[in-house]
Amino acid sequence: MMDGSSNSKPQGPARPVPVLTSTAPYGATPSAAPGTAPLVEFRNVWKSYLTGAEPVHALRGVSIKVYPGEYISIVGPSGSGKSTFMHILGCLDTPTSGQYILAGTDVSQMDEEHLAETRNRRIGFVFQQFFLLPRLTAWRNVELPLIYAGVDRHKRKLLAMQALDHVGLTNRVNHFPNQLSGGQQQRVAVARALVTEPDLLLADEPTGNLDSRSSADVLAMFDELHQSGRTIVLITHEPDVAAAAERVMRFRDGRFVQAEDTAA
Amino acid sequence: MSWFETVRSGLEAIASHRLRSGLTVLGILIGIAAVILTVGLGEGASASVNSAINSLGTNLLIVSPGSSTTGLVRGGFGSASTLTYSNAQALADKVDCPDVIGVAPQVSTEGSLVYGDANWDTTVYGSTTQWLSVRGRSMAEGSFFTNAEVDSDANVVVLGQTTAEELGLFDPVGTTINIGTVPFTVVGILNSAGSSASTNEDDMAIMPITTAQEVLTGSSSVNTIYLEAGSQSTLGAAYDEATDELLALHGIDNPANADFTITTQSSLTATASSVSHTLTVLLAGIAAISLLVGGIGVMNIMLVSVTERVREIGLRKALGATPKVILRQFLVEASTLGLAGGLFGAALGVVGSQVLPDFISDTIELSGAAIAIAIVAAVGVGIVAGAYPAYRAAQLAPIEALRTE
């Protein structure tokens, strides 16, 4: 089986070419658009856990490049390792071996202190359970990452309001999460993910807890963000959700098995 | 993350669990109030004992009967009645005891005073005319009894102010009252001496020692002989002279077998303060244990809080909170609980120190230093108790924390 297969979508010359490699060594992949550095680059990343006598390999040599402005979805059955991949991609965990270069910086050996800073500056998370703090109002939830970034109060409030405006919740800023519908809560979470202007928007089953209408809303929002040039990685197990992305990558047994263009 | 944000976040977390935080604060509060009150009680007791002893006069020697030996059984100090009025007269001898300038033997017994329909039980003393100067008292009305009245066993009595009031005597001098069934003429009223914790110096009656021995005690022994030295510097000499004189009078060669004890006011003070110090340490120790229990309560609550807020911690970490920030946030929460307990506990202690003396007869002396130390200790308890839970929170791996249930 040839894991190192890659497909590229026909696109304008300015668009970076999404590149996927798996066990193939770095450099063996088709080159990207010249002059554009990848935002995310995995080089033969392994992740192993020692649960018993035998080590369990959650990731088995994953290599991938994601260029700025791409909208990628990652699908795979549970236990395929896509959650582990997502954790490493989101700097929530570090690889056992291999390299992860994020925006030109090797983050694979970073300590928790620097990982936290990197997450704060570069990554916006959207989770299946929204993870809003119930005792804070919508705008106070949105300002949280700015607190850790050291932004002053007035600017925080301004940016949080702008982000909520952006996701269409201008009239819900002072509502508590339990006063909002699931779709609205997820939009608050998206506002929180965007408020720091991160390089990468990482969504983990963002529609998993939503009805189909709210799901469509959120996906439409992602589409719009993609149009405005955001880099989005969406992890899901629902094929029709995955299809919203520009490119779909399948994960199985700890590695990518194929990549396909939704347009293809 | 600034300290302001950390504190705000901590306060919000505390406010979101009002009942639980309140109960935790209560644990610390009780501990702190207990520490403050018990230390204050100890200080108050020690101060009142000291002032009672000081009110005796600083140049005072107190001669008490020693232990009695009946067969092989030795009684405790004061069990013997080895001191007599004639011993006191001998100690007044200017040749043998030149440094003793005042002698006041004293007998005491309980007596029932009757005036008209009024009936009052109090301590009745018998002494000589020097009692007034030796005990440092003065007269409010009338005069003290005279040497002539002592020599003639006259039935005259001097009353303390409280006693006179209780008997309903408004113009007491010259009035006749009964002690038991014996009539006495009131010749004077003592000035108020103030009351100490143990005895009320204003509730008493005093009469010539000769009368008291004849009418009330029926014995020639005296309970105590007060000796006054001219000054602090001659106190030691007076002590030696009195000891030699009494040993000679009692025919005792070896001072170790003395059947009397002479104490000085300073030795009493030292004994009393060491006793009250021990008491204070004991009470404060018990109070400290309750503070410790309060601290365990804080730790317990913080551990629950960390467990309960695993997802919040994970989320905050995902959003960029470093372990240091999380550690700080939980430490601030724990120390805020401690501080709140300390402040409220100190407030309760201050209120208690005002209210409690109305119900118990003891005084409570609060010191600002003790309160400040107690509050600092409460914050310290909070920080120490919060350290482990905060460390656990800080070390929590974000993916563990975000793992869906």
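General observations
- Residue within the stretch B:251-263 that is crowded, with 20+ Cβ neighbours inside 10 Å, over 22 Å from residue B:17 (Cβ atoms), out of contact with any Phe, Trp or Tyr (no Cβ under 6 Å at 6 or more places or on another chain) and modelled with pLDDT of 80 or more present: yes
- Criterion (in contact with a strand residue (DSSP E or B) (Cβ under 6 Å, 6 or more places away or on another chain), part of a loop (DSSP other than H, G, I, E, B) and under 23 Å from residue A:237 (Cβ atoms)) met by exactly one of A:63, A:80: A:80
- Unique match (being touching a helix residue (DSSP H, G or I) at 6+ places or on another chain (Cβ under 9 Å) and of a type outside the set (S, T, N, Q)) among B:228, B:165, B:214: B:228
- Among the residues of the stretch A:80-133, the ones that are within 23 Å of residue A:222 (Cα to Cα), touching a Phe, Trp or Tyr at 6+ places or on another chain (Cβ under 7 Å) and not polar (S, T, N, Q) come to 4 in all.
- Here residue A:68 fulfils each of the conditions (1) crowded, with 19+ Cβ neighbours inside 10 Å; (2) at pLDDT 90 or above; (3) under 16 Å from the mean Cα position of the chain (by Cα) apart from (1).
- Output for the stretch B:347-396, where each listed residue is within 26 Å of residue B:337 (Cα to Cα) and either within 14 Å of another protein chain (Cβ to nearest Cβ) or not in a helix (DSSP H, G or I) (or both): B:366, B:367, B:391, B:393, B:394, B:395, B:396
- Which listed residue is under 30 Å from residue B:13 (Cα atoms) and within 14 Å of chain B (Cβ to nearest Cβ), from A:90, A:81: A:90
- You will find that of A:188, A:233, the residue that is free of Cβ contacts under 8 Å to residues at least 60 places away in the same chain and β-branched (Val, Ile, Thr) is A:188 and no other.
- Tally of residues being within 11 Å of another protein chain (Cβ to nearest Cβ) and buried (at least 22 other Cβ atoms within 10 Å of the Cβ) across the stretch A:132-155: 9
- Any pair with Cβ under 8 angstrom, 6 or more apart, that starts in the stretch A:118-130 at a residue that is closer than 8 Å to residue A:206 by Cα and more than 8 Å from every other protein chain (Cβ to nearest Cβ) and ends at one that is of a type in the set (Gly, Ala, Ser) and not in a helix (DSSP H, G or I): A:126/A:203
- Some residue of the stretch B:340-353 being at negative phi, buried (at least 17 other Cβ atoms within 10 Å of the Cβ), touching a helix residue (DSSP H, G or I) at 6+ places or on another chain (Cβ under 9 Å) and of a type in the set (Phe, Trp, Tyr): yes
- Selection from the stretch A:187-203 of residues that are within 12 Å of chain B (Cβ to nearest Cβ), under 13 Å from the mean Cα position of the chain (by Cα) and in a loop (DSSP other than H, G, I, E, B): A:198
- Taken over the stretch B:272-311, the criterion of being without any contact (Cβ under 8 Å) to a residue 24 or more places away in the chain and within 14 Å of chain A (Cβ to nearest Cβ) is satisfied by B:308 alone.
- Being at pLDDT below 95, in contact with a Pro (Cβ under 6 Å, 6 or more places away or on another chain) and crowded, with 18+ Cβ neighbours inside 10 Å is not true of residue A:167.
- Filter pass, residue B:282 being exposed (fewer than 13 other Cβ atoms within 10 Å of the Cβ) and not assigned by TED's automatic domain parsing to the domain that holds residue B:136: yes
- For residue B:320, the test of being free of Cβ contacts under 8 Å to residues at least 40 places away in the same chain, buried (at least 16 other Cβ atoms within 10 Å of the Cβ) and within 14 Å of chain A (Cβ to nearest Cβ) is passed.
- Set B:343, B:331, B:339, B:348: member being within 44 Å of the chain's Cα centre (by Cα), assigned by TED's automatic domain parsing to the domain that holds residue B:38 and closer than 26 Å to residue A:121 by Cβ: B:331
- Some residue of the stretch A:223-244 being among the hydroxyl-bearing types (Ser, Thr, Tyr), buried (at least 19 other Cβ atoms within 10 Å of the Cβ) and away from chain B (no Cβ under 14 Å): yes
The values are calculated or read from the model by the stated rules, or taken from the named source; none is laboratory data. Note that the coordinates shown come from a computational prediction; the quantities given were computed from them, not determined experimentally. Cβ coordinates were reconstructed from backbone atoms using ideal geometry, including for glycine residues, and neighbour counts include every protein chain displayed.
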